[in-house]
C-alpha cells in the first residue's frame, strides 16, 4: 500500500514510538512528550474515566503537576468540559476554549483548577466511549501561550487514531514489557488473543488465548496454515487487512484502522485489530517468529452511546445548556452554577428556561429528576 503523502514526514518516527508504547509502557512518557511538543503543549495524559465513580485514572502521563492532578480530582464532577463527551465522537479532537465558549476562562472552575497552576487551554480527544467509562487524551498548554489553533487540532486529528489504537492494544497486552528471549511464554500468559502472521496471513505464532478461538472455530479458524474467519465476508476483510498491513507501515493505517468485526456462532462477536510489525519493539516482537503482522483479538464490548448523549440529542440541548444542566443536577444553586461557569446569572436563567421548554419540565426539581438518571459524569 502506498504511503499517505499528506502525513508529515516529521511525525513518522513519533507514530512508531506511539505503537512501541503499546508493547513497552515505559515508552509512553517519551511518546507523550513528543506528542505534546507537536502542538506546543506542556503536559499530556491518557486517562480512563469510570462514569459512575466521579473520578479519573491516569493510564500514561508526561510532566503532570501532582498538585494540579489533585485539584482535578477534587473538582472532577464540576468540570465544565465533561459534557463534551456527549457531543464529540472518538478520534475527534477539540479544545476546551472552543467547547467551553468565551465564558470558560472567567469561571470559578477554570480559575481554581487551571489558571491557578499556570495552565490555559486543553486539547482533548476521546479514545473510547461506552456506558461504563470513557478514555481520553489531554494535552495542556501554559496559559500565557494562548489557545490551541485550528492547525494544532489538524495535527492531532492525524495522530489521535494512532494513540487510540496503541492504548487499546496496551490494554489487551496487560504486560510491562515483552522480552525477546521469552516472547512465546509471555504471549501465552496473556488473556488477549494474539496471532502473528507473515504478509500473506500464514500463522507464525498464536498464543494460548488465540489457539482457543482457532480450535473452537466459531469465529476465527485455520485454513491450512492460514488465518481466516468463519464468515466469508469477515475472512475476506481479514485477509485484505493483513496484506495491507504487511505492505505498508503504521502511518499507512487508514483513519478508521484495520478493525475487522467477526461474527461468532455462539453470539458473542469478536473484533480483530491488525497492526504492522514494522519498527522498534514491534519488529522485535515479530522477529522471533518471522512475522510481519500482529492480529489482536477480543470480544466486542458495549459501544452504545452514553445515555446522556441520547438525552441531549432527543431534546436538542446545546453544550451551553448541558453545562448548566450538569451542575444544577448536582445540587448547585443557579448563582453557584453561573459563577462556576463564568456566565451571568441572567444568562444562567435563560439556559434554564430553555431547558424547561425543551424537556417539558416546569421547575428545577422536575428537570433534575428527569436528567439525573442519564448524567453519569455528575452522579
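The values are calculated or read from the model by the stated rules, or taken from the named source; none is laboratory data. Bear in mind that the values here come from a model prediction, so they are computed numbers and not experimental data. All Cβ positions, even for glycine, are placed from backbone atoms using ideal geometry, and neighbour counts span all protein chains on display.
Criterion first (modelled with pLDDT under 95, in a helix (DSSP H, G or I) and surrounded by fewer than 18 Cβ atoms within 10 Å (Cβ to Cβ)) does residue 115 satisfy it? It is false that residue 115 is modelled with pLDDT under 95, in a helix (DSSP H, G or I) and surrounded by fewer than 18 Cβ atoms within 10 Å (Cβ to Cβ). Put simply, of 204, 123, 167 the only residue that is part of a strand (DSSP E or B), outside the structural domain of residue 249 (by TED's automatic domain parsing) and modelled with pLDDT of 75 or more is 123.
Of all residues being under 16 Å from residue 341 (Cβ atoms) and touching a strand residue (DSSP E or B) at 6+ places or on another chain (Cβ under 8 Å) in the stretch 84-98, which is surrounded by the fewest Cβ atoms within 10 Å (Cβ to Cβ)? Just the residue, please. Only one residue fits best here, namely 97. Within the option set 137, 124, being touching a helix residue (DSSP H, G or I) at 6+ places or on another chain (Cβ under 6 Å) and under 19 Å from residue 34 (Cα atoms) holds for one residue only, 137.
For the stretch 170-186, residues that are closer than 20 Å to residue 274 by Cβ and modelled with pLDDT of 55 or more total 4. Checked against the criteria, residue 105 counts as over 23 Å from residue 60 (Cα atoms) and either in the same structural domain as residue 162 (by TED's automatic domain parsing) or in contact (Cβ under 8 Å) with a residue 12 or more places away in the chain (or both).
Find the residue count for the stretch 54-77, including only residues that are at pLDDT below 65 and more than 19 Å from residue 29 (Cβ to Cβ). Give the steps one after another, and end with the answer.
To start, the set of residues in the stretch 54-77 that are at pLDDT below 65 comprises 54-56.
Retained after the next criterion (residues that are more than 19 Å from residue 29 (Cβ to Cβ)): 54-55.
Selection size over the stretch 54-77: 2.
Looking only at the stretch 343-378, which residues are outside any helix (DSSP H, G or I) and at pLDDT below 95? Selection gives 360, 361, 362, 363, 373, 374, 375. Checking each residue in the stretch 248-278 for being at pLDDT below 75, in contact with a strand residue (DSSP E or B) (Cβ under 7 Å, 6 or more places away or on another chain) and surrounded by fewer than 17 Cβ atoms within 10 Å (Cβ to Cβ) picks out only 268. Could you say whether any residue in the stretch 45-53 is modelled with pLDDT of 90 or more and not assigned by TED's automatic domain parsing to the domain that holds residue 320? Scanning the stretch 45-53, I find at least one residue that is modelled with pLDDT of 90 or more and not assigned by TED's automatic domain parsing to the domain that holds residue 320, so the answer is yes.
Entry remark, the stretch 207-246: residues being touching a residue at least 60 places away in the same chain (Cβ under 8 Å) and in a helix (DSSP H, G or I) number 4 in total. In the set (1) assigned to a helix (DSSP H, G or I); (2) modelled with pLDDT under 90; (3) surrounded by 21 or more Cβ atoms within 10 Å (Cβ to Cβ), the condition left unmet by residue 296 is number (1).
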